[in-house]
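The values are calculated or read from the model by the stated rules, or taken from the named source; none is laboratory data. As the structure is a computational prediction, the values presented were derived from the model and not from experiment. Heads up, the Cβs are rebuilt from the backbone with ideal geometry, glycines too, and the neighbour counts pull from every protein chain shown.
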Amino acid sequence: MTLTGTRTLVGFGFGPIQAGLFLYEAYRSGAFARLVVAEVVPAIVADVRRHGGYFRLNIAHADRIETVVIGPITILDPAIPDDRQALIGAIAGADEIATAVPSVTAYTGPGPEALHRVLAEGLRAKLGRGGPRAVVYTAENHNHAAEILAAAVAAELTPDEWAALSNRVCFLNTVIGKMSGRHPDPAEIAAWGLAPVTPTATRAFLVEAFNRILISRVRFADGAGFERGLQVFDEKDDLLPFEEAKLYGHNATHALAAYLGALAGRRFIAELVDLPGAMDVLRRAFLYESGAALCRKYAGCDPLFTPAGYAAYAEDLLARMTNPHLHDTVARVGRDPQRKLGWDDRLIGTMRLAWSQGIVPRYYAIGAAAALAVLDPSTLTDPAAAVAHLRAIWPADAASAEQETMLALVEQGRQTLLSWRRHDGLAITL
């Protein structure tokens, strides 16, 4: 396949989501003539250039791993003045722009190479040159990423420029339920039969085949229509219910799996299929705690938020999470347990959601207790240590009565974990 279309895609960040979602889907759509990527690691830029702008992507299907070659792409380092000017020119002519950087905090920085400044300069050039309308997909796993990036860009422009851009550029939030990974170990790359990013690279991208991505509705100030080249994405008028389904359903259950796996000494999420009782715990948490709560909260919003719709969503995700070809590790999914125990994050946030809808979150409380044990093993046998950790993580102004409820639920989860360990390591009995 070659680049045969007429459109231009510009991406920021060359990681597995940019490579395995935006660049891959643009490449296979046939709608794009040019793929441009900004990357801040000079060695990565040099490596891709050395191989003519081509890179390799591994795609995990249910029954195999497929390797595809994508390119040529133009990869640019915004810290180099000539590259930065080329990037600004590409933005001026871009139809679709995608940010896939580590977090929304990476949008801004002190130098001229900062993402928000480069994007502002490119959009200013788009105005000056009469470039095409464009949409900006923000893929940083934040409910308000589009608004944060738009505000940062607006601060670099005059009010008149920003007003004029309202008819030229639309910033979009995304809900990306695609699981992916960057694998840096050459021995594992070889053992799993993966292709490194380039023939001389020491890392590989492995992404699942799933591509049903949700985005906010494209709306320009003048009401003009817009035909996306990335047509596989699904526009929604209100993304919040789907963002909550991802955080409190997908992410919460994934985290529960990781922390149970960690306590059971498993390395890969797929190994939970063989851990007695584990899949029943995950399924019950997904369906009867987060699922029941979300279906009550968003009844009538979308077919997803019905018992049948959510059951299909849960079963599909459980199968995808435990796909052995994805080689997803317990360590990767469970990294940063302190953040995931946050008041509004995937474990405690899901418990609070369930409780608010009249549902006792027994299974996610077990997940929270397991996350605490990964963070500090002493919390498994010392309830006071568990309470101290959670109080330090949660905001001081959080409702005290609700905090006490959550603490009591986590304590019940801790006792359940102790019972499981006493009986047979972590053989789970329901």
Segment 132-145 - residue that is of a type in the set (S, T, N, Q) and modelled with pLDDT under 95 and, of those, surrounded by the fewest Cβ atoms within 10 Å (Cβ to Cβ): 143
Subset of segment 174-189 (residues that are more than 12 Å from residue 233 (Cα to Cα) and polar (S, T, N, Q)): 180
Selected residue (criterion: surrounded by the fewest Cβ atoms within 10 Å (Cβ to Cβ)) from residues of segment 367-379 that are touching a helix residue (DSSP H, G or I) at 6+ places or on another chain (Cβ under 7 Å) and either without any contact (Cβ under 8 Å) to a residue 60 or more places away in the chain or over 20 Å from residue 255 (Cα atoms) (or both): 378
For residue 178: the one exception among (1) buried (at least 21 other Cβ atoms within 10 Å of the Cβ); (2) in a loop (DSSP other than H, G, I, E, B); (3) in contact with an Asp or Glu (Cβ under 7 Å, 6 or more places away or on another chain): (1)
Test: residue in segment 23-30 that is farther than 16 Å from residue 196 by Cβ, surrounded by fewer than 23 Cβ atoms within 10 Å (Cβ to Cβ) and in contact with a Ser or Thr (Cβ under 9 Å, 6 or more places away or on another chain): yes
Residue in segment 233-247 that is surrounded by fewer than 20 Cβ atoms within 10 Å (Cβ to Cβ), touching a helix residue (DSSP H, G or I) at 6+ places or on another chain (Cβ under 9 Å) and closer than 21 Å to residue 364 by Cβ present: yes
Close pairs from segment 21-35: first within 19 Å of residue 182 (Cβ to Cβ), partner of a type in the set (Lys, Arg), Cβ under 8 Å, at least 6 apart: 21/178
Hey, residue 278 under 24 Å from residue 341 (Cβ atoms), assigned by TED's automatic domain parsing to the domain that holds residue 362 and crowded, with 24+ Cβ neighbours inside 10 Å or not: no
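Rundown of residues vs (1) within 22 Å of residue 266 (Cβ to Cβ); (2) surrounded by fewer than 16 Cβ atoms within 10 Å (Cβ to Cβ); (3) assigned by TED's automatic domain parsing to the domain that holds residue 213; (4) not β-branched (Val, Ile, Thr), yes/no style:
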position: 305; (1), (2), (3), (4): no, no, no, yes
position: 311; (1), (2), (3), (4): no, yes, no, yes
position: 332; (1), (2), (3), (4): yes, yes, no, yes
position: 335; (1), (2), (3), (4): yes, yes, no, yes
position: 341; (1), (2), (3), (4): yes, no, no, yes
position: 348; (1), (2), (3), (4): no, no, no, no
Selection count where residues are touching a residue at least 12 places away in the same chain (Cβ under 8 Å), closer than 24 Å to residue 345 by Cβ and surrounded by fewer than 17 Cβ atoms within 10 Å (Cβ to Cβ), scope segment 146-175: 1
Scan of segment 96-116 for residues that are in a loop (DSSP other than H, G, I, E, B) and within 24 Å of the chain's Cα centre (by Cα), ordered by number: 100, 101, 102, 103, 108, 109, 114
Leading residue by the ranking (surrounded by the most Cβ atoms within 10 Å (Cβ to Cβ)) among those in segment 96-131 that are in contact with a strand residue (DSSP E or B) (Cβ under 8 Å, 6 or more places away or on another chain) and closer than 24 Å to residue 160 by Cβ: 123
Residue within segment 351-366 that is in a loop (DSSP other than H, G, I, E, B), assigned by TED's automatic domain parsing to the domain that holds residue 282, within 18 Å of residue 253 (Cα to Cα) and within 19 Å of the chain's Cα centre (by Cα) present: no
Members of segment 290-324 that are part of a loop (DSSP other than H, G, I, E, B) and within 17 Å of residue 62 (Cβ to Cβ): 322, 323
Where a residue in segment 231-259 is without any contact (Cβ under 8 Å) to a residue 60 or more places away in the chain and of a type outside the set (A, V, I, L, M, F, W, C) and its partner, wherever it lies, is in a loop (DSSP other than H, G, I, E, B) and surrounded by fewer than 21 Cβ atoms within 10 Å (Cβ to Cβ), with Cβ under 6 Å and at least six apart: 235/217; 237/217
Residues that are loosely packed, with under 15 Cβ neighbours inside 10 Å and touching a Gly at 6+ places or on another chain (Cβ under 8 Å), drawn from segment 380-427: 425, 427
Pair list, Cβ under 7 Å, 6 or more apart: segment 298-322 residue in contact (Cβ under 8 Å) with a residue 40 or more places away in the chain and farther than 14 Å from residue 284 by Cα, other residue in a helix (DSSP H, G or I) and among the aliphatic types (A, V, I, L, M): 304/245; 305/294; 321/257; 321/269; 322/269; 322/270; 322/272; 322/273
Filtered residues of segment 132-183 (kept if farther than 27 Å from residue 110 by Cβ and basic (Lys, Arg)): 133, 168, 178
Residue 62, sole failed condition from (1) loosely packed, with under 15 Cβ neighbours inside 10 Å; (2) in contact with a Gly (Cβ under 7 Å, 6 or more places away or on another chain): (2)
Any hit, segment 171-181, residues being out of contact with any strand residue (DSSP E or B) (no Cβ under 9 Å at 6 or more places or on another chain) and on the phi < 0 side of the Ramachandran plot: no
